[in-house]
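*Asks:* Can you read through this structure? Questions will come right after.
The values are calculated or read from the model by the stated rules, or taken from the named source; none is laboratory data. What you see is a predicted model; the values in this text were computed from it and never measured. Positions of Cβ are generated from backbone atoms using ideal geometry, with glycine treated the same way; all protein chains shown enter the neighbour counts. Protein only, heavy atoms only, side chains kept; ligands, DNA and RNA dropped before computing areas. Shrake-Rupley method; radii C 1.70, N 1.55, O 1.52, S 1.80 Å.
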Amino acid sequence: MKISEIHKKKRPVLSFEIFPPKHGTALQNIDETLAILSELKPDFISVTFGAGGSSNNNRTIELAKKIKQEYNIEPVVHLTCLTYSKAEIDEFSQILLENDLKNVLALRGDRNPDIPVKEDFKHAGELTAYLKSKGDFCVGGACYPECHPESASRVAEMRHLKAKVDAGDEFLLSQLFFENDMFYSFLEDCRIAGIEVPVTPGIMPVINKAQIERMVTLCGASLPERFRKIMNRYENDKEALFDAGMAYAISQIIDLLANDVDGIHLYTMNNPVVARRICEGIRNLV
Ligand code: FAD
């Protein structure tokens, strides 16, 4: 089923994000994770895609097929465009259509000095429009409650986001954030800008201080004082940090649900224990 249709039928929509296991690792290794994630009955599972030059990208599609065929859950395939030509995107989209994988998250992808960019696509919106011209895809896009690090201003960012939606994005998944007020203010700006599609907040439960510092450096999300204190207090006690990280994420999600958000997108980092703990905490709320 298309994600746009799921959103029409259900609120909030619960989704998980996973990444394909590293090249050289059997795809079956992710079965244990998928078995637990599927018990939690998400409305869809999205699968990340390499920014380019990665032999792992066919695994994104293989994993999406597995999710659909073996676990009977709707997959969303992430697709990046900065380092691909139209001919390469044609190949990917052909495979997607042949396998009835119609839900795609159209992304530009991060710049990587080791991977040359190609000329065909400069922004995600161009990929959205291109995919819509290629077949009956339901396309979504990424959004950034605290602004994309490359954006000159919030106004410029909102104009580009509106252009992406006008190009065909039917749902938006947000970058992770740790302060819900940032998301509410962003959502208000979206609605003022005339962006009416579902905008789902992305939540990353934290279990490791180094991991979160790396993520935050990459994506520009800010860490509230309350969150920093928890990290500093428990950084050397793995179990305590796990409990505190779960409690923080659950309290964020409960507040988001109380504010009637369109959905919750959980960055699982392929960790089913985390996904289960979060879902147990919100079992009766979604
Ligand atoms: P865009 O929408 O193109 O935006 C990038 C920047 O360009 C922004 O500053 C925007 O304001 C600006 N811009 C957009 N359109 C225009 C225009 N027409 N003119 C001028 N400026 C413009 N990366 C991966 O490699 N693989 C993944 O699987 C992946 N999954 C992700 C999932 C989610 C939910 C999110 C939030 C991010 C994901 N990313 C992934 C990271 C993403 O690729 C990067 O954040 C990347 O830097 C931007 O991608 P985008 O699709 O948001 O780009």
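*Asks:* If each residue of separation counts as 0.36 nm, what is the full-extension length gain between Asp120 and Ala87 once their alpha-carbon separation is subtracted? Please report the intermediate quantities before stating the final value.
*Replies:* Details: separation 33, 0.36 × 33 = 11.88 nm, distance 0.94 nm.
This chain segment gains 10.9 nm when fully extended.
*Asks:* What helices in the chain pass both tests, a Cα length along the helix axis of 24 Å or more and a mean Kyte hydropathy of 0.5 or higher, using whole DSSP H runs? Write down the numbers at each step before the final one.
*Replies:* Details: long enough: 238-258 (30 Å, 0.87).
Counting only whole DSSP H runs, the qualifying helices are 238-258.
*Asks:* To continue, here is another question. Could you give the length gained by full extension between Val155 and Lys41, i.e. 0.36 nm per residue of separation minus their alpha carbon distance, to one decimal place?
*Replies:* Residue separation times 0.36 nm, minus the Cα-Cα distance, leaves 37.3 nm.
*Asks:* Now, a different point. What's the percent breakdown of Cα-Cα distances in the stretch 50-159 across 5 Å bins, shortest bin first?
*Replies:* Histogramming the stretch 50-159 at 5 Å steps yields 2, 11, 21, 23, 19, 13, 8, 3, 0 percent.
*Asks:* Could you tell me, in Å, what Rg and Dmax come out for the Cα atoms of the stretch 156-238?
*Replies:* 15.5, 48
*Asks:* Only Lys, Arg, Asp and Glu count, each charged at its Cβ (+1, +1, -1, -1), so figure out the dipole size of the chain about its Cα centre, rounded to 20 debye.
*Replies:* Dipole magnitude for the chain comes out near 120 debye.
*Asks:* How much length would be gained if the chain were fully extended between Gln211 and Asn72, taking 0.36 nm per residue of separation minus their Cα-Cα distance, in nm to one decimal?
*Replies:* Roughly 46.9 nm would be gained on extension.
*Asks:* With an 8 Å cut-off on Cα pairs and a minimum separation of 6 or more residues, tell me the relative contact order of the chain in percent.
*Replies:* Across the chain, relative contact order equals 20 percent.
*Asks:* Let me ask something else about it. GNM on the chain, C-alpha springs below 10 Å: top fluctuator among Lys162, Lys22, Lys41?
*Replies:* Comparing Lys162, Lys22, Lys41 in the GNM, the peak value goes to Lys22.
*Asks:* Which residue, Leu241, Leu172, Leu14, tops the fluctuation ranking in a GNM of the chain built on C-alpha contacts under 10 Å?
*Replies:* Result: Leu241 has the largest fluctuation of those listed.
*Asks:* Over 31 Å between C-alpha atoms is what I'm after, so list which of Lys22/Lys86; Lys9/Lys118; Lys10/Lys209 land there.
*Replies:* Long pairs (Cα-Cα over 31 Å): Lys9/Lys118; Lys10/Lys209.
*Asks:* Now a separate question. Against the 2.2 N^0.38 Å scaling, with N counting residues, where does the chain land? I'd like the Cα-based Rg ratio to two decimal places.
*Replies:* Working: Rg = 18.1 Å, N = 286, 2.2 N^0.38 = 18.9 Å.
Normalised by 2.2 N^0.38 Å, the Cα Rg of the chain equals 0.96.
*Asks:* Same structure again: Could you sort 102-110, 189-197 so that the peptide with the highest average Cβ count within 10 Å comes first and the rest follow in order?
*Replies:* In descending order of packing, they fall as 102-110, 189-197.
*Asks:* I want to verify a result. In a Gaussian network model of the chain, Cα cutoff 10 Å, which of these has the top mean-square fluctuation: Pro75, Pro21, Pro224?
*Replies:* So, out of Pro75, Pro21, Pro224, the one fluctuating most is Pro224.
*Asks:* OK, next. Can you send over the carbon and sulfur percentage of the accessible area for the stretch 1-87, probe radius 1.4 Å, protein chains only?
*Replies:* 48 percent
*Asks:* Could you report the chain's accessible area per residue, 1.4 Å probe, as an integer in Å²?
*Replies:* 47 Å²
*Asks:* Then there is this: Based on DSSP H runs of at least 4 residues, each adding -39500 (n - 2.57), what is the mean residue ellipticity at 222 nm of the chain after dividing by all its residues, to the nearest 500 deg cm²/dmol?
*Replies:* Result for the chain: -14500 deg cm²/dmol, rounded to the nearest 500.
*Asks:* Right, another one. For the stretch 142-286, what is the convex hull volume of its Cα atoms per residue in Å³?
*Replies:* Working: hull volume 16.1 nm³, N = 145.
With only Cα atoms used, the stretch 142-286 gives 111 Å³ per residue.
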